[in-house]
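A.B. asks: Before we start, here is the structure in question, set down as structure tokens.
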Amino acid sequence: MSENADPGQNRGSRERVVTAFFGALFVGIAIAIVLSTWHEWSPGNVLAAIVVGGLGFEALYSAARRRRCLLSRIGPLP
């Protein structure tokens, strides 16, 4: 049993950089959502900012911990 039990544990540094970049991009999009809808608060705007920002923070955290993020587990979207 020489295989690694967790294949996500040995991610390359290039993949970590890309994951961190997309995490920062999603956090930036969440900030842009909040700033662009500053005067028009609605539950949809707040929910969108929370979801996008949460995915971004999770991607940054996963890159730091060398694990697969939720965005990469979704797979290619059509």
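A.B. asks: What residues have an amide H closer than 5 Å to that of residue 67, excluding those fewer than 5 places away on the same chain, when H is modeled at 1.01 Å from N in the peptide plane?
C.D. replies: It is none; the list stays empty.
A.B. asks: First check a/c for the stretch 12-73, with a ≥ b ≥ c the square roots of the eigenvalues of its C-alpha gyration tensor; if it is under 1.5, answer rounded, and if not, answer prolate when a/b is larger than b/c or oblate otherwise.
C.D. replies: Note, shape of the stretch 12-73 comes out prolate.
A.B. asks: Please give me the summed charge of the neighbours of residue 22: other residues whose Cβ is under 12 Å from its Cβ, Lys and Arg +1, Asp and Glu -1.
C.D. replies: -1
A.B. asks: Would you work out the relative contact order for the stretch 12-73, in percent, from Cα pairs under 8 angstrom that are 6 or more residues apart?
C.D. replies: 42 percent
Each value in this text was obtained by applying a stated rule to the coordinates, not by laboratory testing. Note that the structure is predicted; figures quoted are calculated from it, not measured. Reconstructed Cβ throughout: ideal geometry from the backbone, glycine too, with neighbour counts over all protein chains shown.
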